[in-house]
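Here is the structure we will look at, set down as structure tokens.
The values are calculated or read from the model by the stated rules, or taken from the named source; none is laboratory data. Quantities reported herein were computed from a predicted structural model and do not represent experimental measurements. Every residue, glycine as well, gets a Cβ built from its backbone with ideal geometry; the counts of neighbours run over all protein chains shown.
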Amino acid sequence: MQGITKRTYCDQITEYIKERILAGEFAPGDKLNEVLLASRLSISRAPIREALQLLVQEGLVVSIPQRGKFIAALTSREIRNSYFTGGVLEGAAAASTIHLFSDDDFTRLRALVDDMARTVAEGGDMDRLAELDTAFHGIIFSRTDNDLLVELSRRSCQGLSKFLLFRHWRTAFTPREVLERHSAVLDALLTRDPAHIEHAIRDHYRESGRRMARWGTDQATPQAAAQG
């Protein structure tokens with residue numbers, strides 16, 4: 001963390017914690033100790049506290065009164081509900097803005113699917129497929145000016161699949177299935193039929209939630225105990 005200006009501490013700490021989640025060092029249910037983090041990163045506790053609050057807003061961290069802050073640990077039902085909610089919101093965004101999509105938007109979506117196909121043919125690098133997945137869904141949201149809808153949708157499932165459950169996302173679908181699923185969504189978008197598009201995107205997320213739910217934390221966790 002040396003050489004980082006005070007203004008960027010919060011963003012750097014947020015990324016550091018996300019990297020530790022991806023690496024498996026911080027697991028769902030783990031408590032985040034401000035003092036230990038500040039000592040490890042050789043900074044004061046103030047930016048640590050600010051970064052943790054941002055992660056609470058993103059849904060990756062939960063804050064429990066009198067207990068502290070913990071990496072989010074979701075039950076199977078919560079995972080299914082999160083993906084379902086994300087699908088409803090993204091489907092609504094796409095259906096309500098499909099008339100604004102340009103030929104260039106569709107060209108970029110097709111290029112991403114083609115890149116997925118090449119990645120699959122070359123061995124199916126899931127890290128690369130995750131990058132392409134993020135770019136694909138980013139284009140779907142690019143035509144909406146409803147920032148709240150975008151924020152709520154991404155909080156519902158992007159952080160979930162890209163951080164908390166990323167190591168499981170790698171095995172929930174085969175590389176070929178990742179390609180086929182996004183090809184199906186692109187085909188739906190190309191119809192420009194709002195109802196068909198909304199249905200296809202909801203199904204896309206519903207299936208993600210169904211598969212990812214097997215890794216839900218249904219045993220007692222600090223946050224579950226606090227809610228019970």
Output for region 167-183, where each listed residue is in contact (Cβ under 8 Å) with a residue 40 or more places away in the chain and in a helix (DSSP H, G or I): Arg167, His168, Trp169, Arg170, Ala172, Pro175, Arg176, Val178, Leu179, His182, Ser183
Selection status of Leu36, touching a residue at least 12 places away in the same chain (Cβ under 8 Å) and either crowded, with 19+ Cβ neighbours inside 10 Å or on the phi < 0 side of the Ramachandran plot (or both): no
Qualifying residue in region 148-162 (condition: surrounded by fewer than 18 Cβ atoms within 10 Å (Cβ to Cβ), out of contact with any helix residue (DSSP H, G or I) (no Cβ under 8 Å at 6 or more places or on another chain) and modelled with pLDDT of 95 or more): no
Subset of region 190-220 (residues that are more than 16 Å from Thr85 (Cβ to Cβ), out of contact with any Leu (no Cβ under 7 Å at 6 or more places or on another chain) and hydrophobic (A, V, I, L, M, F, W, C)): Leu190, Ala195, Ala200, Ala220
Test result for Glu90, of a type in the set (Asp, Glu) and not assigned by TED's automatic domain parsing to the domain that holds Leu189: no
Some residue of region 117-139 being part of a helix (DSSP H, G or I), within 28 Å of Ile71 (Cβ to Cβ), of a type outside the set (A, V, I, L, M) and touching a Gly at 6+ places or on another chain (Cβ under 7 Å): no
Candidate set from region 20-70 (those that are in a loop (DSSP other than H, G, I, E, B) and more than 21 Å from the chain's Cα centre (by Cα)); member that is nearest to Gly86 (Cα to Cα): Pro65
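The rows are residues; the columns are (1) within 21 Å of the chain's Cα centre (by Cα); (2) outside the structural domain of Leu54 (by TED's automatic domain parsing); (3) farther than 25 Å from Ser76 by Cβ; (4) surrounded by fewer than 16 Cβ atoms within 10 Å (Cβ to Cβ).
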| position | (1), (2), (3), (4) |
| --- | --- |
| Asp103 | no, yes, yes, yes |
| Asp114 | no, yes, yes, yes |
| Arg143 | yes, yes, yes, no |
| Asp203 | yes, yes, no, no |
Some residue of region 122-135 being surrounded by fewer than 16 Cβ atoms within 10 Å (Cβ to Cβ), within 14 Å of Gly91 (Cα to Cα) and out of contact with any Ser or Thr (no Cβ under 8 Å at 6 or more places or on another chain): no
Odd one out for Ser82, checked against (1) crowded, with 18+ Cβ neighbours inside 10 Å; (2) of a type outside the set (Phe, Trp, Tyr); (3) outside any helix (DSSP H, G or I): (3)
Qualifying positions in region 113-150 - touching a residue at least 24 places away in the same chain (Cβ under 8 Å), more than 14 Å from Arg176 (Cα to Cα) and of a type in the set (A, V, I, L, M): Ile139, Ile140, Leu149, Val150
